[in-house]
Every structure is written in structure tokens, then in C-alpha cells.
Amino acid sequence: MKTIKKLAIGLLVVLLIIGGVMLFRGRSAAKGLRIEETTVTRNTLSNFIVATGTVEPVISVEVGTQVSGIIDKIYVDFNSVVKKGQVIAEMDKITLRAEQQSQEATLASNKAEFEYQERNYQRYKQLFDEQLISSSDFETVTYNYQVAKSSYQRAQADMVRVKQNLEYATITSPIDGVVTNRAVEEGQTVAAGFSTPTLFTIANDLTQMRVIGDVDEAGIGQVEEGQKVRFTVDAYPDDVFEGEVTQVRLEATVESNVVTYEVVISAYNPELKLKPGLTATVQIYTLEHPDVLTIPSKALRFIPDPDILSSMKLTVSDVNPQVSPGQQLVWQKVGSTLQPKAVTTGITSSNMTEILGGLSEGETIIVDVTADLPATNGNGATERSPFAPGPRGRR
């Protein structure tokens, strides 16, 4: 009997200890749980596509020469501001002037021959009309006249070409702008053969730039003209530049099996910070809703657990609430009760969701239930939702 009595007392002590531990844990857990709430506020929600591109002038002209020769003088350098028609370089004109003088002599000779053959033709024509000479003689005179006329016309055309080449030796700016590249030096020989050599590159107006962005095929369907763009360049990491989509080019570029399309973006550059050739990281805003009601997206995923809430002395008014098609639920804390509320949502951007109906600005909703758990590294407490799975390996 004594043995049985001792066993009973021992069992009672164990049960009391277990009950005390469970009660202590329950109270500790209840004290560690708290409701996380947020307020419905107004924000700007936007979706955008990220791309990379290159900054370049809107109008850039390559200035070359159509004649071969030696660059005699250069009047501009890199970054020089030029006006339309301004002389920027001259080529050696000695050979061209000599060619002009030679052609002038040829033209004068052909003109004299033509005038002589024309007068001779008029005389023989009169004699032929009076039947005083044979047809053979008149045909010979006519032939000589036509040959002299053709030679004279060809000499006139050659003279125009020679004068034009002499004008080409004086190189002028075709537009107002800034010299962004100079590819020649004084004394350098250039040969204008099958292609025109580029001597200078002139950008029209560096206050009006553009970005040629490469957009992946997965996002090009959302890009349209007129969409707002923001972009940054590594040269000025703290500055954000703004622009607008002005053109979506249809030709695709395939590189390493990646298909991209070029998108032209305007870029106002009043401070001349944007320089040709800079690499830009572009955000093309495909959708933007300014000044709309928003809530954290995770509030729509919150589902209250009555058992956990009861330890916090909270209740749920409706365990299985019903919502209409197209609506979602959020929860509000009214006193010690959690009540559901149906809302209509719009777009979702990042971790925020637009509210179209069901809530008003300033209302408070529940985002989650979090628990303050002791940290394992001794640096303080960490918070996590009791509804979320625990760390791997913890029993």
C-alpha cells in the first residue's frame, strides 16, 4: 500500500509540474503575441519595365569630303560650337585650281570650235537649200557641227564638276551644333574613293538628347509611345533623369539567343550632364495610378486562427466569411473582436495593393499577428508570425 501511495503522490507531482509548465508557456506565448495593424493611406502605384540603353544626340551629322587631297587647315576642335555654313576645315587647293585652269582652257577651245562649226553649218545649209552642194558635203558639215556641239557641252559639264570640287575643298558645318568628334589632323591625306571619309561629327543640340533602350521581348508588348520614363547613369548616380517614349522600333535584335527591341526615349538635358555614349539604366512606366488608396498586400493574405487569438483573449466574429466574386477580405479589430470586411482591389505594385472600394482613407486594418521570440544570438528579440513555418531543423 505504501508503494502504491508513493507512486500516486509521484504521479500527482509530475502532473502538477507539467501543468505548471504548460500554463507558463501559454501565458508567455500569449504575452509574446501582438496584432500588427496599418492605416489605409494614399500613394502612387506604378509598374515599370527595366532596360538598359545608350545616351546619344537626337541629330548627329558626320561631315566628310567628296574630294581626295591633303587637309591644309582645321579651324575647330572637340567641343567647338559651330554655326551652319561656318568653315571648319580646308583642303589643299593647288591641284584643284590647276585642274580648274586646265578645264577653263579646254572649255574655251571647245567653245571656239563649236562656234566655228556652227557658222560653217549655217553657210552650208543655205547652199544645200539652194541645191548648190551635194548631200554628202552637207552631211559631213552637219556631223562636224554635232561633234563640236557635244564636245562643248561636255566641257561645260566638266567645268561645273571642277568648280564644285573646288568648293568641296572648303568644308563647312551643315548644322548648328557642337563638334563631338574630329577624326583628322592638319597635313593628313584623305582619299575619297568608294566611300566618303568622315572628318568631323557634329551634334545638333546637346540640350535635347535621347536614349536608345533595349527592351526584352517579354516586356515590349507593354511599351507604348508617350509613357513616362526615368533613368540613371553611372556618371551621376544620385541624379534621376526623366523622359518619354517617342518611338518603339519594330526591328528585332538577336544576340546570344536573346531578342530585344529598340525603344527611343527623349531626354531633356538643360545642364548638359548627359553626354553621348553614357550607359543608362531605364525604367519605363507601363502603368501608373497616382493618389490612390493602398494597403500592404500581405493584409489580403491574413487569415485569423481562432485558437491562437483566444490565447490573446480575442475572438473572430465570422470564421468562414463569404465574399462576392471579384472581392477579397481584410480584417479589422473592433474591441476584442476581429471582423472581416470585403474590399475591391486594383493593381498591385511591389508590396502594396490598390483599394477601389470597401475601405476609406484613415481606416485601420490588421496586417498580421506577430510573436516576439527570444533571439538565439543574444542580440535581442526577433519577431515572426505564428502562422508562418518555423526555421528548418527546429522541432
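The values are calculated or read from the model by the stated rules, or taken from the named source; none is laboratory data. For clarity, every value in this text was computed on a predicted model and none was experimentally measured. Here Cβ is always computed from backbone atoms with ideal geometry, including for glycine, and neighbour counts include all displayed protein chains. Heavy atoms of the whole protein, side chains included, go into the accessibility calculation; ligands, DNA and RNA do not. Shrake-Rupley method; radii C 1.70, N 1.55, O 1.52, S 1.80 Å.
Quick notes
- Selection of first residues in the stretch 218-229 that are within 20 Å of ALA252 (Cα to Cα) and of second residues that are of a type in the set (Ser, Thr, Tyr), restricted to Cβ pairs under 6 Å at least 6 apart or on distinct chains, gives the following pairs, ordered by first then second residue: ILE220/TYR261; GLN222/THR286.
- Residue satisfying all of: in the stretch 272-297; farther than 16 Å from THR44 by Cα and among the small types (Gly, Ala, Ser); surrounded by the most Cβ atoms within 10 Å (Cβ to Cβ) among these: ALA280
- Residue within the stretch 353-365 that is exposed (fewer than 15 other Cβ atoms within 10 Å of the Cβ), more than 39 Å from the chain's Cα centre (by Cα) and either at pLDDT 90 or above or not in a loop (DSSP other than H, G, I, E, B) (or both) present: yes
- Applying the criterion of being of a type outside the set (S, T, N, Q) and open to solvent by 60 Å² or more (accessible area, probe 1.4 Å) to the residues of the stretch 211-227, the residue that is farthest from LYS84 (Cα to Cα) is ALA218.
- Condition met for ASP214 (outside any loop (DSSP other than H, G, I, E, B) and touching a residue at least 40 places away in the same chain (Cβ under 8 Å)): yes
- Condition check for ALA371: in a strand (DSSP E or B) and at pLDDT 90 or above: no
- Test: residue in the stretch 161-182 that is farther than 30 Å from PRO57 by Cβ, among the polar types (S, T, N, Q) and open to solvent by less than 50 Å² (accessible area, probe 1.4 Å): yes
- For VAL245, the conditions (1) surrounded by 13 or more Cβ atoms within 10 Å (Cβ to Cβ); (2) in a helix (DSSP H, G or I) are fulfilled apart from (2).
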